[in-house]
Amino acid sequence: MTDQLHNSRADRADHAMDQRLRTHAGQWRANLPEPGRDLDSAKTNPSQAPVPDKILPGQRHSMFPLMAAAAVLIAVIISIAVINWPGHTTAIPPARQPSGQPSDNPTGRQPGILTGVVVMTGGPHGTPNTKVTSGTVRAMRNDGHTQTAEINKNATYTLTPPPGNYHIRAKSPQWNGGTSFGCQHDAIVHIRPSQTTTATIQCQRR
């Protein structure tokens, strides 16, 4: 009788323990996330996405190309902004003289200004000078450099030759049919940088 009572109590204790284990197991399963639930939650709510505690060495190296590309992009954006900034100017180098071709202004100095009038002179005593209102003026430097300009209706001309010494001549249909540069200034003209020089050209009547 005593043994049966002891066995009955043991069975009841085992049954109670089994019930408690089943209850705890059910609660543990209920707290488990559903498959795919964390992934969907991370997509819809990025703030709930799992964040790693630290970046592993392999992950750090894989980020270097992205960081370098971002730095290059930032540098390009800054350069474009500086170029387009109001008041910014970009220096343009002067054009180079083609190789083998002599420069008209080898010293690089500013050209001068040559201006004057073209008149018809001479003839019988008392004949007044008259204006030459058409034709071409030629300024030829000692080294052969030449610059020309047209005579306007006021009998004036203007040239901007490089500095140097020039012989000034002109031709016009009003003198000898305009076939040669027979009209001239009576002296060599010295052109200085950024200065104005005046020279009168005379066409002698025959």
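The values are calculated or read from the model by the stated rules, or taken from the named source; none is laboratory data. Predicted, not measured: the structure shown is a model, and the values here were computed from it. As a convention, Cβ positions derive from the backbone with ideal geometry for all residues, glycine included, and neighbour counts pool all protein chains shown.
In the set (1) within 16 Å of ALA199 (Cβ to Cβ); (2) surrounded by fewer than 18 Cβ atoms within 10 Å (Cβ to Cβ), ASN176 fails one condition alone, (1).
Identify the residue in the stretch 120-159 that is small (Gly, Ala, Ser), surrounded by 13 or more Cβ atoms within 10 Å (Cβ to Cβ) and under 39 Å from the mean Cα position of the chain (by Cα) and, among all such residues, is farthest from GLN110 (Cα to Cα).
For the stretch 120-159, the residue satisfying everything is ALA149.
Name the single residue, out of those in the stretch 162-186 being under 14 Å from GLY116 (Cα atoms) and outside any strand (DSSP E or B), that is modelled with the lowest pLDDT. The extreme case among them is ASP186. Consider the stretch 196-206 and keep the residues that are modelled with pLDDT of 95 or more and part of a loop (DSSP other than H, G, I, E, B). The one that is surrounded by the fewest Cβ atoms within 10 Å (Cβ to Cβ) is THR200.
Put simply, of PRO65, PRO111 the only residue that is part of a loop (DSSP other than H, G, I, E, B) and either modelled with pLDDT of 75 or more or outside the structural domain of HIS190 (by TED's automatic domain parsing) (or both) is PRO111.
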